[in-house]
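Novice: I'd like to ask you about the structure that follows.
Read-outs throughout are calculated quantities, based only on the coordinates presented, and are distinct from any laboratory measurement. As the structure is a computational prediction, the values presented were derived from the model and not from experiment. When we count neighbours, we look across all protein chains shown, and the Cβ atoms used for this are built from the backbone with ideal geometry, even at glycine.
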Amino acid sequence: MKNKQTQTNNEQSQVSPDNINTTSSSVDGAILQQQLLLAQMHQQQADDEINLGELWQAIWSEKLKVILISALFAILSVVYALSQPNVYKASALLAPVSAEGGSSGLSALAGQFGGLASMAGINLGGGQSDKTDLALAILKSRSFIERFITKHDLLVPIMAVERWDMATDTLAYDPELYDQTTNQWIRKVEAPQKPQPSLWEAYVAFSDLLMLTQDKNTAMITVELEYYSPAMAQQWLTWLIADVNDFVRNQEQQEAQDSIDYLTQQLENIQVSSMETVFYQLIEEQTKNMMLTKVKAEYVLKTIDPAQVPEEKSKPKRTLIVLLGAILGVIVAIVIVLIRYFARK
């Protein structure tokens, strides 16, 4: 028994050194692999630094070309900026006209006789916010703007003018579009278009000049209009505000008159005295409403800050144009240099 234990111990003592050597070799191999990996990473970083350095060297070696291309773009942007005509912006601040008189009376009657009035074809509802939204929608509508252009004869100034001469205070017309000596349109277009622009084309062009914004907190409305001539921008904006007030006023005046005529006609067929009282109240409120349409010039939009002749141009931003042109030139020049570098490499 003792001999067997001795033999087993001798075998273990003989195996242990081999196991230790094998484990040591595995550890050394793992350490070696880590060192190789770290060396590869350092080498990759060094290669990247070398590549970036080479790219910078390639750009620096072509610095004269970069400067020339950047200068060319800068010069072209200066020429472009100077060729753009000055545009001036007139603005006005408006407020919704508060409901009063006949409008408030009709609102009070709406709760009592709304059903009856609806049967009679009369609208007693509609607050001031509805009128304001209506006015803003009309200002942007095609039919209103086309009527505005026709009324004030603005087709030629909108579609044919290319700039404004400050020294002579005159408009300069595009000779390829309009012959000022004969007052004839000479633009070359393909069918179905005609030499004279249509009202639709004028509406699209005018819509680009007009901007409407409303502050949701205060309900104040800012109306802005851009044009080459500052005086004409102010005049057109003043006309526009007056015309939209006139349009809504005339529309409601006609509706009030139609309601009065209808109610007066229906009174002849009423047999119940209580119904006569209702109709007389409706006629009274419609009469008050029509009276307001005749005495209030600013019927739906009240001018808080009227349009003034702008003294400074709103665009073009020539400094910004030149700066962006120079930056674009630098980018294009660097791209060209790098393309040539990689092509040679």
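Novice: If each of THR181 and LEU328 carries a label point 7 Å out from its Cα toward its Cβ, how far apart are those two points in nm?
Specialist: Distance between label points: 3.8 nm.
Novice: Considering only Cα-Cα distances, which of the following residue pairs are longer than 18 Å: LYS89/LYS317; LYS216/LYS317; LYS89/LYS313; LYS140/LYS194; LYS131/LYS216?
Specialist: With Cα atoms farther than 18 Å apart: LYS216/LYS317; LYS140/LYS194.
Novice: Moving on to the next point. Please give the contour-minus-distance gain from MET166 to SER314: 0.36 nm per residue of separation, less the Cα-Cα distance, rounded to one decimal in nm.
Specialist: Numbers: separation 148, 0.36 × 148 = 53.28 nm, distance 1.52 nm.
So the chain would gain 51.8 nm between MET166 and SER314.
Novice: What trypsin sites (Lys or Arg not before Pro) does the range 232-340 have in DSSP loop regions with at most 16 other beta carbons within 10 Å?
Specialist: For trypsin sites (Lys or Arg not before Pro) across the range 232-340 that sit outside H, G, I, E and B with at most 16 neighbouring Cβ atoms in 10 Å, the list reads LYS296, LYS317.
Novice: Once you order the gyration tensor axes a ≥ b ≥ c over the Cα atoms, which shape class does the range 158-314 get: rounded for a/c under 1.5, otherwise prolate or oblate by comparing a/b with b/c?
Specialist: On the way: a/c = 3.68, a/b = 2.11, b/c = 1.74.
Judged from the Cα gyration tensor, the range 158-314 comes out prolate (a/c at least 1.5, a/b above b/c).
Novice: Now for a separate question. So how much slack lies between GLU255 and ILE304, counting 0.36 nm per residue of separation and subtracting their Cα-Cα distance, in nm?
Specialist: 14.8 nm
Novice: Between ASP215 and VAL79, what is the label-to-label distance in nm when each label sits 7 Å out along the Cα-to-Cβ direction?
Specialist: The two pseudo-label positions are separated by 4.6 nm.
Novice: Scan around VAL87 for amide H atoms under 5 Å from its own, H built in the peptide plane at 1.01 Å from N, and keep only partners 5 or more places away or cross-chain.
Specialist: Result for VAL87 returns SER314, LYS315.
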